[in-house]
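What follows is a set of notes on a single structure, which appears directly below.
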């Protein structure tokens, strides 16, 4: 039925995706990554780093001469720094994306990627792996694997507790997440007390760190994270509408329950992949999307990709701080994210409050 | 070509939450292009019925069909391309702009990776213009008033280009001018493009004024259905709302007004309401009729000539009246009818009407009633000046006095008497 | 659709996680006269010739290396390697739990020594980067001496090694012999005060107490470092109370409730540098000697 006879050209059009900002941030991310590769405790000049990187490009790389570069330096750049930085970027992207997704789904700006049990499940899984000495049997992938499984089991349990019939009301999800987290934390603490030797190792893992990560970790986490993030970005319109409530979304043609389940699952997998390789790094998933929302607004078509890129940049930057601040000793990156994240967020909040009065 | 609005058929619908049943066996047909209001007291199930039609909830038994397709077999997207819903609750916590919010009305038509087209923007603009919020387009929805937000939600629904629109108390937060504005807008859309409208309204007058049919609900069932003047009668309203109302014609709109008078008095002695019959005329009974109805008594009157002021009042109040042709003397038939009513009544009241030969019969009936021991109250002021029957009325008056009539001098005494005579 | 989607994602995850194990393989030369050494984890490590550039990521081995006069070959140590003094001036490779792999690789070592336990994960990672790793750890004095021999063998300094190990063995035998038929006083070694923690079976401390002719109060515990309740301490009332020299003897004696303990009443409260009894290095013998003196002052 035609309510309008002919469409006139509206004088004002809205841009949905700020492509300019996204491209800029993507380039910035690449730039930050490349810069981070040149930074580190080992003595490697910028020139040497550039040569090493260029030599890896197929075809072009064959013409690069590496006479003044030691094998150890190549190893450092390509096997230690590069994969670590890449992993940091991926984890930052993952956490920010899932944080934004859950904040939208649960309509709660205080939600983070861990809220439905991902972090407590991963922590418990890692704890079990550490105290049972599984790494001795399965190699250093034992802990990430167990963390991943733990995160998924925990999320699945939370989901089932929260489910009412065929739908998942937001408030039950939040409560179930909190309850299960508390329970799993308790078990974890209990295990830690019984195995005080490993306590330090566990605490270290909990704080989150990228130290000693290699290409294996990247290979493990990258596919899940990339698939998860890309697919979630396809649902940004649905997320926008779902902010107005499940009923409204339904009336505008969106199958709210199905979308919710899909996004929760994707989010859980992506967050689990990130947590399993880096430990429970806090604040990134909560603060980045929130901060970005204060600047670009609640439209997920902008919020999602921008949060992801800012998350990646933030993670690489803080990890670089973490590994260079104290000379030879590394600070777990989770500490840096908390120290930077908190005050910056307060600043953003004050600025926004001021402009609203 | 104008595509007609959508049609809704509700068949044998039953719905409840858990074990309690809210809607019992509802059958309803809403033709394309109709404007239906659903009214009823709180708890009658009107919002619930709307939710079943909009598929916000699923029926336990029965079905709802949109253009002959069962809602359950349709995907939300398909439904949303035809049906728009304006809910009661409009609280929004995220700071989208008004323009962005209204634009979301185009969601059912956009593919996953599709951006809005110029036509989508144009429709949103049109929707905002006709709801008079275009000037708010860049404001955040968290910063506008409740009434403005209501209109944003309506605009969003209109942007969907629906064939049927469902509204749940859309005028709840609007001030009077916007209430009328909104309903006039809906009405004009209904007339010009055949948009089917189903609106739950709480204001009886607005529903009377703007809709072409009304559904009156009570306790989860359809109590009455039809055109406004058929449904909104004092009797229906008394039964459903326990309210006493006066229905007047509105000379300006051609529609009528519902004026509330007060709550129906619940049952009195012996489980039966008191019935009072009034002999009046010429405007002498207007105040007393009003007041008696307001106090909750069951009232009847007669015999009155059609067109008489008291007759008008009685009609307005929905009071049973024995009527006679205008300016004609009282006929045998009317006398009989009046007598029956008097016999049924608990009390009989005669107002300070002038008596002529035309209505002397009324007085005669009254005398007989006195003799049977029925409590009779009579306004005795200036009786002799009201006697135009050359003293015949006066004689009947004397007979009544010996029979124990209670003489009163003003209406207040009547009410006090009734009050104290328990 | 959603169900299969989940399975698909799980499969992808599975595949990639599994493939992630062990990606970079390093070619190993197999020379016919190369030597193969077995470390404490049972790993067989091929070491072609005595390493010239050595990194020690565990304080115990650092001490061993310096004791064997190999200090000039040491390219890097951890922040915790504080003995001997020369070690303090060596380049730092990070902490004990999380050594800085980048610095390790940058130093181009011929061999890296690590401890067991928390550092086992490191081994795989370092090997992936083409570095030879050797793990040395000990829980008994015997094992320490064996380890020192191993280091000497690897580093190609047999004479000085033998003289050191012989000397150590002599001292141990001397003590063991002397306390052979003596009464064993009950000894309580306080590893930590809040919560009260001692050393149980499988620890150095336990082994040293036994060798020195004492009976470890916590010798029947279930874990290596049990947290004890005060009740057990008072119930078993040790003859000797030893603590880390972090605490002062005076503070310990005046702790509330302690005045009823036999050890306090007889003033047999001692403190010592816990490095001497926990680091599986050459100073362990010093530790043994001190503990023996504490337990049997009449004999030493």
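First measure r as the distance between the Cβ atoms of residue B:372 and residue B:248, then evaluate 1/(1 + (r/R0)^6) with R0 = 41 Å and state the FRET efficiency to the nearest 0.05. Efficiency at R0 = 41 Å is approximately 0.65. Helix B:392-403 against the longest principal axis of chain B: what's the angle in degrees, Cα atoms only, rounded to the nearest 10? Taking Cα atoms only, the helix is inclined about 90 degrees. The mean sequence distance of close C-alpha pairs (under 8 Å, at least 6 residues apart), as a share of the length of region C:35-137, puts its relative contact order at 28 percent. Dividing the helix sum by the residues of chain A, where each DSSP H run of 4 or more adds -39500 (n - 2.57), gives a mean residue ellipticity at 222 nm of -23000 deg cm²/dmol. Annotation for residue C:37 and residue B:333: the two label points, set 7 Å from Cα along the Cα-Cβ direction, are 13.0 nm apart.
For region C:180-295, what class follows from the C-alpha gyration tensor (a ≥ b ≥ c being the square roots of its eigenvalues): rounded when a/c is under 1.5, otherwise prolate if a/b is larger than b/c, else oblate? Taking the square roots of the gyration eigenvalues as a ≥ b ≥ c, region C:180-295 is rounded.
Label sites at residue B:402 and residue C:162, each approximated as a point 7 angstrom past Cα along Cα to Cβ, lie 16.1 nm apart.
Each part reduced to its alpha carbon centroid, region A:226-250 and region B:315-394 end up 76 Å apart.
Under the criterion of Cα pairs below 8 Å and six or more residues apart, the relative contact order for region C:180-295 equals 28 percent. Neighbour counting of Cβ atoms within 10 Å sorts the residues B:248, B:90, fewest neighbours leading, into B:248, B:90. What the Cβ-Cβ distance of residue C:184 and residue A:178 gives, at R0 = 56 Å and to the nearest 0.05, is a FRET efficiency of 0.55.
The calculated FRET efficiency for the pair residue A:46 and residue A:24, based on their C-beta separation and a Förster distance of 25 Å, comes to about 0.55. Compared with the dominant Cα axis of chain B, that is its longest principal axis, helix B:332-344 is turned about 80°.
Computed from Cα positions, the angle between helix B:176-193 and the longest principal axis of chain B comes to roughly 70 degrees.
Look at A:161, B:92 and count the other Cβ atoms within 10 Å of each Cβ; fewest to most, that gives A:161, B:92. Using just its DSSP H runs of length 4 or more, each adding -39500 (n - 2.57), chain B gives a mean residue ellipticity at 222 nm of -10000 deg cm²/dmol after division by all residues.
Here the contact order of chain C, divided by its residue count and restricted to Cα pairs under 8 Å and six or more residues apart, works out to 14 percent.
Ranked by the mean number of other Cβ atoms within 10 Å per residue, highest first, peptides B:201-212, A:26-37 order as B:201-212, A:26-37.
Beta bridges from DSSP with both residues in the protein assembly as shown: antiparallel share about 40 percent, rounded to the nearest 5. Taking the Cα centre of each part, how many Å lie between region A:107-178 and region B:103-125? Taking the Cα centre of each part, region A:107-178 and region B:103-125 sit 38 Å apart.
Mean partner shielding of peptide A:250-262, defined as the number of other chain Cβ atoms within 10 Å of each residue Cβ, is 5.
Helix content alone sets the calculated 222 nm mean residue ellipticity of chain C: runs of n ≥ 4 DSSP H residues at -39500 (n - 2.57) each, divided across all residues, give -11500 deg cm²/dmol. Answer rounded, prolate or oblate for chain A, using the Cα gyration tensor with square roots of eigenvalues a ≥ b ≥ c: rounded when a/c is under 1.5, else prolate when a/b is larger than b/c, else oblate. Oblate, since a/c reaches 1.5 and b/c is not below a/b. Sorted ascending by nearby beta carbons within 10 Å, beginning with the fewest, C:61, C:179 become C:179, C:61. Is region C:35-137 rounded, prolate or oblate when judged by the Cα gyration tensor, a ≥ b ≥ c being the square roots of its eigenvalues, rounded requiring a/c under 1.5 and prolate requiring a/b larger than b/c? Because its axes are fairly even, with a/c under 1.5, region C:35-137 counts as rounded. Remark: mean inter-chain Cβ contacts per residue of A:214-221 equal 6, using a 10 Å Cβ-Cβ cutoff to other protein chain atoms. Taking a point 7 Å out from the Cα of residue B:205 in the direction of its Cβ, the residues of region B:156-187 whose backbone N falls within less than 16 Å of it are B:171-172, B:174-184.
Across peptide B:47-58, the mean count of Cβ atoms from other chains lying within 10 Å of each residue's own Cβ comes to 1.
The numbers here are math on the coordinates, done by the rules we state, and not lab data. From a predicted model like this one, the values you see are computed outputs, not experimental measurements. Here the Cβ is made from the backbone with ideal geometry for all residues, glycine too, and neighbour counts use every protein chain on show.
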